[in-house]
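Here's the structure we're looking at; comments come further down.
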Amino acid sequence: MHTTSVLISYETALPQITARLIGGDNTEPSLESAALMRVEDLYTVFYYRERNGALRLLTPEDLRTWNVQPQQLFTDVLACMKINDPCRISPLNAVLGLSPEEEETGLFVLTNASGIFGSICILYPGVFEEIADRIGREFYILPCSVHEMLLLKKGTDLNEDELRKTIHDINRSELTREDILSDSLYCCSAPDYCFRRS
């Protein structure tokens, strides 16, 4: 991926900018010069999609050229992505193709319409309210991979330590290093719907 400056206006570039959520311990050398936004122990990175489909990693130099602050980029890009690659919230059983007679797990999968790097959907504007409408006003967020998040309604019979162990074990046994997002367990509750580690 290229990292040289984008030589067009911000307004022209914005529809072609996309964001990805990555783990805070990602050590890919190219990310050392990236424009980043930290959210808990995760980072949002931004890419500009060129006409040939190649992705150009955005840098602080790009933001200075556009006279755009990181928070504005974050807000603008996620608002565009919500329209162009909207989120999907689906019961895990449906995603796995299980029959309606199978016992419900209570888990939901959050990803984008493309199913690629869909974990970023958790930061879309208004997504927490959408989740709350589907599964309840208090819920856990389990980082399944860079492509999706698992959502689980909070309940008195849930053990947070066991949920963290499940996340850790799946990351080590089922995912490639590049697809691991985090070993953390997150939660969200009304009325503030703040994304935070549990």
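Every read-out reported here was derived from the displayed coordinates using simple, explicitly stated rules and does not represent laboratory data. Note that the coordinates shown come from a computational prediction; the quantities given were computed from them, not determined experimentally. Here the Cβ positions follow ideal geometry from the backbone for every residue, glycine too, while neighbour counts run over all protein chains shown.
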What net charge do the residues around ASN171 carry, taking every other residue with its C-beta under 14 Å from that of ASN171, with Lys and Arg at +1 and Asp and Glu at -1?
-4
Sequence of VAL95, VAL127 once ranked by neighbouring C-beta atoms within 10 Å, starting from the fewest:
VAL95, VAL127
Given the Cα atoms of region 46-147, and with Rh set as the inverse mean 1/r over their pairs in the Kirkwood sense, what is Rg to Rh to two decimals?
1.06
Ranking THR166, THR18 by Cβ neighbours within 10 Å, fewest first, what do you get?
THR166, THR18
Tell me which label goes with the value of percent of Cα pairs over 26 Å apart computed from the coordinates here: [x] 24; [y] 30; [z] 34.
[z]
Once you list every other residue whose beta carbon is under 15 Å from the beta carbon of VAL68, what net charge do they have if Lys and Arg are +1 and Asp and Glu are -1?
-3
So, over other residues within a Cβ distance under 10 Å of GLU138, counting Lys, Arg +1 and Asp, Glu -1, the net charge is +3
Among LEU92, ILE141, ILE17, the residue whose Cα sits farthest towards the positive end of the charge dipole of the chain (+1 at Cβ of Lys and Arg, -1 at Cβ of Asp and Glu, taken about the Cα centre) is ILE17
Describe numerically, in nm with one decimal, the distance between label points set 7 Å from Cα along Cα→Cβ at GLU174 and at SER33.
3.7
Are there cysteines in the chain with no second cysteine's Cβ under 4.7 Å away, and if so, which?
CYS80, CYS144, CYS187, CYS188, CYS194
Percent relative contact order of the chain, based on C-alpha pairs within less than 8 angstrom and at least six residues apart?
18
